[in-house]
């Protein structure tokens, strides 16, 4: 059986010369062909600088950047001028957190609430602020891998300047109750930051809540190119969020992110955003079907899901099989599917997952955790081959 991919014609047959089916979309997704075509056009034909005002090339580039702002903004019901282009969600997270430090110090509000299961792009900047004297509260997740809105509400203080909670966990796929947290913050002035790297273009409604002040976006998680992302900075009335830039020089992006705009990458992010919004319903239907087929195939092996399945996004499944080590599983599956056992950003450390450990899972279950994630371009999963290979290891 050949598993079709609209992007790279992968095969599920162990003996096929084709590469294994790529199932590590939470690390990065293949570039959507329509996106790649536009990126190439702006690399080779419409190559102008969006800051050049004296000729057609610059004007064309500027118009495409403006249209991309609108395409990104539409996904989260923001305004185009609230979109700041960055190199990716990591930079956006840093700008949101470290960029707020000066305001926090001036006002004396130096308390920040976040969670133990955030991406390192959030946890490490928070650690820097903690070293500078900020009081950082990291909330523990419930057993199912999500942080309750009640816990956030209980942790709020008069001097809380920011609440930062991811929308979807990158390791487990568990959806955090962003809408409920936003409601808990209605009457509190704290700035609400959401790391939406794994949710943007996939989880639509919760990200449109106007109570979300700052929202981090990654292009390469939704079929856009690597090296591009955005920070959505919603106004409160007529007031902008008081961020200070991390770099200086040039004044681009309202002075928050200077440097010549990468028009090809921005165009790619815009197109990827527009496609994700237009095709969201079909993508969700396919993803749910794939997840259900994988769960059914793994059930006879005694697989347990790491994270509340009722709260998990349809494009991710993190599971453990009793007695099975994740490294052995990945090796056994390497010519069938390419999968992961944790965050690609920290995989070189070979440390137990801080996300799964925070959720209270046993050491054996954490060591056996395998993450499979998929997206557009994957229409079938080689579930029989996956189950067969894993069964040999039990």
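Observations on the structure shown:
- Number of the condition not met by residue 61 [criteria: (1) under 30 Å from residue 278 (Cα atoms); (2) without any contact (Cβ under 8 Å) to a residue 24 or more places away in the chain; (3) more than 26 Å from the chain's Cα centre (by Cα)]: (2)
- Residues of region 176-223 satisfying the condition of being part of a strand (DSSP E or B) and more than 11 Å from the chain's Cα centre (by Cα): 191, 192, 193, 214
- The set of residues in region 12-50 that are surrounded by 20 or more Cβ atoms within 10 Å (Cβ to Cβ) and modelled with pLDDT under 55 contains only 12.
- Looking across 152, 194, 174, one residue alone is within 20 Å of residue 221 (Cβ to Cβ) and without any contact (Cβ under 8 Å) to a residue 40 or more places away in the chain. It is 194.
- Members of region 326-349 found to be at pLDDT 90 or above and assigned to a loop (DSSP other than H, G, I, E, B), listed by number: 333, 334, 335, 336, 339
- Every condition in (1) assigned to a loop (DSSP other than H, G, I, E, B); (2) modelled with pLDDT under 95; (3) crowded, with 20+ Cβ neighbours inside 10 Å; (4) touching a helix residue (DSSP H, G or I) at 6+ places or on another chain (Cβ under 9 Å) holds for residue 352 except the one numbered (3).
- Residue count for region 84-100, restricted to those that are in contact with a helix residue (DSSP H, G or I) (Cβ under 6 Å, 6 or more places away or on another chain), under 18 Å from residue 124 (Cα atoms) and surrounded by 21 or more Cβ atoms within 10 Å (Cβ to Cβ): 3
- Residue under evaluation residue 232, criteria (1) part of a helix (DSSP H, G or I); (2) in contact with a strand residue (DSSP E or B) (Cβ under 8 Å, 6 or more places away or on another chain); (3) closer than 16 Å to residue 80 by Cβ, criterion not met: (1)
The values are calculated or read from the model by the stated rules, or taken from the named source; none is laboratory data. Quick caveat: nothing in here was measured; it's all calculated off a predicted structure. Note that each Cβ is placed from the backbone with ideal geometry, even for glycine, and that neighbours are counted across all protein chains shown.
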